[in-house]
Ligand code: ATP
């Protein structure tokens, strides 16, 4: 579904990504783990067309997307949940969800999808009229994921959904990510510092170290790998 081939990305003279290659098949949950500053967010932003790619290629369902504008990329079926959630704080929960469907005009289907995300996250249904900015961190993360789902993505990109949240909430959110993957065959690209939780729901993982992929394997094998345990799992 997605083929990232030898991409390099720079901020001015600083090379943030060095020859990154990642393949994602339809229906998979892939996780990209790595320390602070390894280049995880840059990889996602390169994918979304937010940060320009200097060399290499990114193919989504056979189409080259590395030179496309972000809105065009969204229209192909790729939605991002950015780091730090970035919901619209002045808008209500319901209005935030409507924003996620801005490229669609199938009103009845949009209504169904709103009910679907309310089923996934009953807290959002309870708070549908509340301003986004007044929600707790965990609820805002739920809203950010739901807003992305309102675009009916085939590929969902998540940037550190666990950031700053209590373990119990993280568990709930990761359970929902798994459910969405299984129920709708939504392919998931999950960027995480919380390697333990991410590898538990992912099928395969990639380890990013200072802008380079240092390892890739099935998630259960990475969880059992001694180097990964020492560097990322605190074991
Ligand atoms: P984090 O977990 O902290 O978000 P990350 O793995 O997502 O880390 P990136 O944010 O992609 O890492 O950063 C990769 C490298 O690029 C880092 O060295 C960072 O300092 C640098 N970098 C990121 N954004 C910029 C920017 N706008 N300008 C210059 N350098 C940047």
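The values are calculated or read from the model by the stated rules, or taken from the named source; none is laboratory data. Fair warning: this is a prediction, and the values are worked out from it, not measured in the lab. All Cβ positions, glycine included, derive from the backbone under ideal geometry; neighbour counts span all protein chains shown.
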Top-ranked residue in region 25-37 [being outside any strand (DSSP E or B) and within 13 Å of the ligand (Cβ to nearest atom); ranked as surrounded by the fewest Cβ atoms within 10 Å (Cβ to Cβ)]: 36
Test: residue in region 173-196 that is more than 16 Å from the chain's Cα centre (by Cα) and touching a residue at least 24 places away in the same chain (Cβ under 8 Å): yes
Flag for residue 79 being more than 16 Å from the ligand (Cβ to nearest atom), modelled with pLDDT under 95 and either in contact with a helix residue (DSSP H, G or I) (Cβ under 9 Å, 6 or more places away or on another chain) or in the same structural domain as residue 213 (by TED's automatic domain parsing) (or both): yes
The lone exception for residue 46 - which of (1) in a loop (DSSP other than H, G, I, E, B); (2) within 16 Å of the ligand (Cβ to nearest atom); (3) at pLDDT 95 or above it fails: (1)
Test for residue 56: is it exposed (fewer than 14 other Cβ atoms within 10 Å of the Cβ) and on the phi > 0 side of the Ramachandran plot: no
All positions within region 202-216 that are surrounded by fewer than 20 Cβ atoms within 10 Å (Cβ to Cβ) and over 27 Å from residue 10 (Cα atoms): 203
Flag if residue 215 is over 19 Å from the mean Cα position of the chain (by Cα) and within 16 Å of the ligand (Cβ to nearest atom): yes
Options 163, 156; residue that is under 27 Å from residue 8 (Cβ atoms) and within 16 Å of the ligand (Cβ to nearest atom): 163
Test: residue 133 is more than 16 Å from the ligand (Cβ to nearest atom), outside the structural domain of residue 28 (by TED's automatic domain parsing) and touching a helix residue (DSSP H, G or I) at 6+ places or on another chain (Cβ under 6 Å): no
Residues being in a strand (DSSP E or B) and either more than 18 Å from residue 65 (Cβ to Cβ) or more than 19 Å from the chain's Cα centre (by Cα) (or both) - total across region 10-24: 7
One residue from 18, 40 being surrounded by 22 or more Cβ atoms within 10 Å (Cβ to Cβ), in contact with a strand residue (DSSP E or B) (Cβ under 8 Å, 6 or more places away or on another chain) and either farther than 24 Å from residue 185 by Cα or in the same structural domain as residue 185 (by TED's automatic domain parsing) (or both): 40
Matching residues, region 186-198, being touching a helix residue (DSSP H, G or I) at 6+ places or on another chain (Cβ under 7 Å) and away from the ligand (no atom under 16 Å from the Cβ): 186, 188
Residue within region 65-76 that is away from the ligand (no atom under 16 Å from the Cβ) and closer than 26 Å to residue 199 by Cβ present: no
Residues being touching a strand residue (DSSP E or B) at 6+ places or on another chain (Cβ under 8 Å) and surrounded by fewer than 20 Cβ atoms within 10 Å (Cβ to Cβ) - total across region 220-230: 2
